[in-house]
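The structure appears right after this line, and notes come after that.
The values are calculated or read from the model by the stated rules, or taken from the named source; none is laboratory data. In this text, all values refer to a predicted model and were calculated from it rather than measured experimentally. All Cβ positions, glycine included, derive from the backbone under ideal geometry; neighbour counts span all protein chains shown. Accessible surface areas use protein heavy atoms only, side chains included; no ligands, DNA or RNA. Shrake-Rupley method; radii C 1.70, N 1.55, O 1.52, S 1.80 Å.
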Amino acid sequence: MTAPEGVSSAGAHRSWTQRLLILFNLSVIVVLLAGAAGMGWFYLRFNRIPRITVHNLTEAPKGQPQNYLLVGSDTRDFVDPGSADARAFGGQDVSSGSGRSDTIIIVRVDPVTNHASMVSFPRDLWVQIPGHDHAKINTAFLGDAKAGLSGPELLIATIKLNFGIDINHYAQVDFAGFRGLVDAVGGVTVYLPAPVRDHDTTVSPPRNETGLDIRQTGCVQLNGTQALAYVRSRHFESLQPNGKWKADPTGDFGRITRQQDFIRRAVNKVISEDLYNPIKLDQLVGAATNKNFLTLSDSLKIPDLVKLAKGFKSLSAGNLTQYQIPVKVDSHGAQSTVDFEDGTTPEREAIFDVFRGIDPNAPVAPPAPSSVTVRVLNGSGVAGQAGDVAVALRARQFGTLDTGNAARTTDTVIKYGSGQEAKAQLLERYLVSGAKLESQPTLEGVDLLLVTGTDFSGVLTTPREAAAALPTSTTTTTAPPTSTTLAGTTAESSVPPC
């Protein structure tokens, strides 16, 4: 396996810190920009935020929805080993130097409907890194010096390759930036039904890794340090009525739920604030500019942000929809990783379509053979079969780029790239004996990969009708569900009163 230059695929064991949270607090800044319109001092301070050029951002048409990639870096460069931060954040020795992406969030904002959608990618998600083999998605943030790609650029290319999502703007914040942002909005109140703490029993003696230790119950307001400990805790325990502490059995996935709840509450807090209070504005912008803890792409111009913020000002908490990708804990070699749940392709594709700008209810013109590129591999062992099939497909106007051999297989399979399922269904209708369809989001260079099996029996001159699928023709996926069945939650759902 190879990984980008300077990237260790295994790496040090680190937590899924800030999973769904840290950079979404940048929306706090965007929201409050509305109150700063016309204030010269604000423009001066905002211009001090570091900017970077990200060459592979996609320019979105004016007035159309835009995707913001929000990245939380795990760098601990600001941590003084002798300070209190060393326990809460971990020292520089547990960071990856320049920092990996510890939080990867895409927020899609529609300026017409004032609706925002958000999806988070687990940092240990196993994906293909462009130009390299598979690795954890956060390794892309280290960049590829040989290919001339910065960390943000390689991460954006990885998202495009694996999920077919374009990114229009980029923002990055680190641990201290998050703490400052929470303090700047006056803290965030969460609901705690019981006292909670972080307690790592995998080490001897057991210890508190994040500093989380809150004995109050009910509606508890967390300051920046407490909030960071709360969302970072990997060894979350709650005190039971019998006086014993109980570990959260859901582990990292329970943390995702806590972080999502925190985000919803943070959004409610910001929306309820006085956006025109200059003292609060100054505190928030100061947190954003302090010590360069926030970095933005130069695609984000102040007039654009102010316009965006005015739209956010009228955004109710119910207009924020959060999506959770169905994943599972897995392993690759000696690495503990996260993979997609088996059999969840329709759900995943439906979620990704939201950020691709695809309306699941809009009529879609069926693809034509001339729009489909295919690679053909011989898995049946019949001499010359791949070449013969390629010739037959070209006669039907398919684009066949190359041929080759594959391991012997019984079933003919069509593997399709991200968003190419309709093309796979079209090709399947041209095959006499049908084929199994399999999603392969990392497929490069072609739309489809056709692997003939021993059951392959030829190519039809004209395709079968779509409704006349062969009983023996099976697919591992179904049509993506409509938007009404997506597993998204709004900021108003499932929030205990506080």
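Data overview
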item: Of all residues making up the range 142-178, the number that are of a type in the set (A, V, I, L, M, F, W, C), open to solvent by 20 Å² or more (accessible area, probe 1.4 Å) and assigned to a helix (DSSP H, G or I); result: 3
item: Flag if Asp198 is open to solvent by less than 10 Å² (accessible area, probe 1.4 Å) and charged (D, E, K, R); result: yes
item: Check on Gly243, crowded, with 19+ Cβ neighbours inside 10 Å and not in a helix (DSSP H, G or I); result: no
item: Number of the condition not met by Ile105 [criteria: (1) out of contact with any Leu (no Cβ under 8 Å at 6 or more places or on another chain); (2) not in a helix (DSSP H, G or I)]; result: (1)
item: Verdict on Asn361 being surrounded by fewer than 18 Cβ atoms within 10 Å (Cβ to Cβ), in contact (Cβ under 8 Å) with a residue 24 or more places away in the chain and farther than 30 Å from Ala116 by Cα; result: no
item: Options Val220, Val190, Val182, Val203: the member that is open to solvent by less than 50 Å² (accessible area, probe 1.4 Å) and part of a helix (DSSP H, G or I); result: Val182
item: Qualifying residues in the range 194-207 (those that are within 15 Å of Ala227 (Cα to Cα) and of a type outside the set (Val, Ile, Thr)) - the one nearest to the chain's Cα centre (by Cα); result: Asp198
item: Candidate set from the range 373-432 (those that are more than 33 Å from the chain's Cα centre (by Cα), β-branched (Val, Ile, Thr) and outside any strand (DSSP E or B)); member that is surrounded by the fewest Cβ atoms within 10 Å (Cβ to Cβ); result: Thr410
item: Sole residue being part of a loop (DSSP other than H, G, I, E, B), closer than 18 Å to Asn162 by Cα and either open to solvent by 40 Å² or more (accessible area, probe 1.4 Å) or touching a strand residue (DSSP E or B) at 6+ places or on another chain (Cβ under 8 Å) (or both), chosen from Glu438, Glu444; result: Glu444
item: Index of the failed condition, Thr250 passing every other in (1) surrounded by 14 or more Cβ atoms within 10 Å (Cβ to Cβ); (2) within 30 Å of Thr345 (Cα to Cα); result: (1)
